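Presented below is the structure to which this report refers.
The values are calculated or read from the model by the stated rules, or taken from the named source; none is laboratory data. Not measured: the values here are computed from a predicted model. Note: ideal-geometry Cβ built from the backbone for every residue, glycine included; neighbour counts use all protein chains shown. Just the protein is used for accessible areas: all its heavy atoms, side chains included, with ligands, DNA and RNA removed. Shrake-Rupley method; radii C 1.70, N 1.55, O 1.52, S 1.80 Å.
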Amino acid sequence: MKNEIIKIKNEILEALNGIKDEQVLAGIEKKYLGRKGSLTKILRQVADLSGDNRKIIGKFANDTKREIGEKLNELKKALDNSQASDSFIDVTLPGKKIETGRLNPVSIVQNELEDLFKSMGFIILDGPELESDYYNFEALNIPATHPARDMQDTFYVDIKNKKGEYDTVMRTHTSPVQVRAMQKYGAPLRCVVPGRVFRSEAIDACHEHTFDQMEGLMIDENISIANLIAVMKELLKGIFGQEVETRVRPGYFPFVEPGIELDIKCTICGGKGCPACKHSGWLELLPAGMVHPSVLKFGGIDSKIYTGFAFGLGLTRLAMMKYGIDDIRLFNSGDLRFLEQF
Ligand code: DAH
């Protein structure tokens, strides 16, 4: 029996010689050491031997089994290691690029302005895009029969109020949040309201039915137009990273008195005149004014104690100027060739 064991052992060692494949190794293990393996069978027969013979052969058989087991483990480890080195990762290779989304340029400008206004103590508010006629017009001093309603081409919505009237509009500006904010927070108040607005426009490179504005409102005792201009200058410095030349003209908006238009020297031609500024050298950027006493009243604020200023900044317009975008339709186009540039 001892000879038989030695024979099998040699057979196994020979088979293991120069082995390179894990599967072949597993096959050899099964053939000799598996349940029906030839070495296993012989080891079982040891139990049938008698006396000293069983002790001596038993020990020899067990030693052989252990020796072969160790050899097998050694080979398994070696094969594992060589496979690990085959899948070596070169960390100096450039990685796979992970695609990330981008912010729309309007959002970029909006975020910058929110930070700027927060640093001046303003809170950021929003309001409904589907707005009542009351907040969009009435409470801003634009009654139903007022010709100023013609200034904004409006989408009315097919929803009736309790009295059976159609009085819901897609808000045409962010100004309705002025009165909502006054009613909610009272005075003193400092807020900006970024948001989407809607106009029933004929669409071209300069007109969209959906665009973004940022409303600003500051109410306190002794607020004057000087405060308005100071904040506007701070705002422009934040946007353009330097002082820009401005001019103030009178402007008409029913919810402010006086109303102004703040223009800036054209950033494209430097004031010489070009198509972007309609050859005037100036760009209309910020309509603003001192909040009309009637609007303060609609907001529940005593106009004998408090005054305030308001402005309405065209965020989309600003993004166009900042990035030199010449077609407003690109913003909502969803065109990745455009969006991926920011
Ligand atoms: N809401 C006006 C518009 O969309 C812009 C505006 C003008 C807002 C004057 C203001 C303001 O707050 O004071 O045309």
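Assorted remarks:
- Per-region count, segment 233-246, residues over 16 Å from Leu313 (Cα atoms) and either over 31 Å from the mean Cα position of the chain (by Cα) or within 16 Å of the ligand (Cβ to nearest atom) (or both): 1
- So Glu4, is it of a type outside the set (Gly, Ala, Ser) and within 60 Å of the chain's Cα centre (by Cα): no
- Scanning segment 113-147 for residues that are part of a helix (DSSP H, G or I), open to solvent by 80 Å² or more (accessible area, probe 1.4 Å) and acidic (Asp, Glu) yields a total of 1.
- Screening the candidates Leu313, Leu330 for the property of being within 16 Å of the ligand (Cβ to nearest atom) and within 25 Å of Thr174 (Cα to Cα) yields one hit, Leu313.
- Candidates Ala230, Ala319, Ala288 - the one that is away from the ligand (no atom under 13 Å from the Cβ), surrounded by 20 or more Cβ atoms within 10 Å (Cβ to Cβ) and of a type in the set (Gly, Ala, Ser): Ala319
- Leu25 being assigned to a helix (DSSP H, G or I), closer than 21 Å to Ser82 by Cα and open to solvent by less than 40 Å² (accessible area, probe 1.4 Å): yes
- Close pairs from segment 117-139: first without any contact (Cβ under 8 Å) to a residue 12 or more places away in the chain and in the same structural domain as Arg199 (by the TED database), partner buried (at least 21 other Cβ atoms within 10 Å of the Cβ) and not charged (D, E, K, R), Cβ under 9 Å, at least 6 apart: Lys118/Val192
- Restricting attention to segment 291-310 and to residues that are more than 15 Å from the ligand (Cβ to nearest atom) and among the hydrophobic types (A, V, I, L, M, F, W, C), the residue that is farthest from Glu112 (Cα to Cα) turns out to be Ile305.
- Number of residues in segment 43-77 that are among the hydrophobic types (A, V, I, L, M, F, W, C), over 15 Å from Met1 (Cα atoms) and over 60 Å from the mean Cα position of the chain (by Cα) equals 1.
- Residue count for segment 160-175 under the criterion of being in contact (Cβ under 8 Å) with a residue 24 or more places away in the chain and outside any loop (DSSP other than H, G, I, E, B): the result is 3.
- Filtering segment 148-159 to residues that are within 16 Å of the ligand (Cβ to nearest atom) and either part of a loop (DSSP other than H, G, I, E, B) or at pLDDT 85 or above (or both) leaves Gln152, Asp153, Thr154, Phe155.
- Cβ-Cβ under 8 Å pairs, at least 6 apart or on other chains, segment 93-107 side open to solvent by 70 Å² or more (accessible area, probe 1.4 Å), far side at pLDDT 85 or above: Arg102/Leu339; Arg102/Glu340; Arg102/Phe342; Leu103/Asn111; Leu103/Phe342
- Residue in segment 181-201 that is assigned to a helix (DSSP H, G or I), within 28 Å of the chain's Cα centre (by Cα) and either more than 18 Å from Pro287 (Cα to Cα) or outside the structural domain of Asn111 (by the TED database) (or both) present: yes
- Test result for Pro254, open to solvent by less than 50 Å² (accessible area, probe 1.4 Å) and touching a His at 6+ places or on another chain (Cβ under 9 Å): yes
- The set of residues from segment 290-334 being basic (Lys, Arg) and touching a residue at least 24 places away in the same chain (Cβ under 8 Å) comprises Arg317, Lys322, Arg329.
- Gly281 meets all of the listed conditions (1) open to solvent by 20 Å² or more (accessible area, probe 1.4 Å); (2) away from the ligand (no atom under 14 Å from the Cβ); (3) more than 33 Å from the chain's Cα centre (by Cα) but one, namely (1).
- Here Thr172 passes the criteria (1) on the phi > 0 side of the Ramachandran plot; (2) touching a strand residue (DSSP E or B) at 6+ places or on another chain (Cβ under 8 Å) except the one numbered (1).
- Considering Lys65, Lys7, Lys36, Lys31, the condition of being farther than 23 Å from Lys77 by Cβ, part of a helix (DSSP H, G or I) and not β-branched (Val, Ile, Thr) is satisfied by Lys7 alone.
- For segment 247-263, the candidate set comprises residues that are in contact (Cβ under 8 Å) with a residue 24 or more places away in the chain and in contact with a Phe, Trp or Tyr (Cβ under 7 Å, 6 or more places away or on another chain); within that set, the residue that is nearest to the ligand (Cβ to nearest atom) is Gly259.
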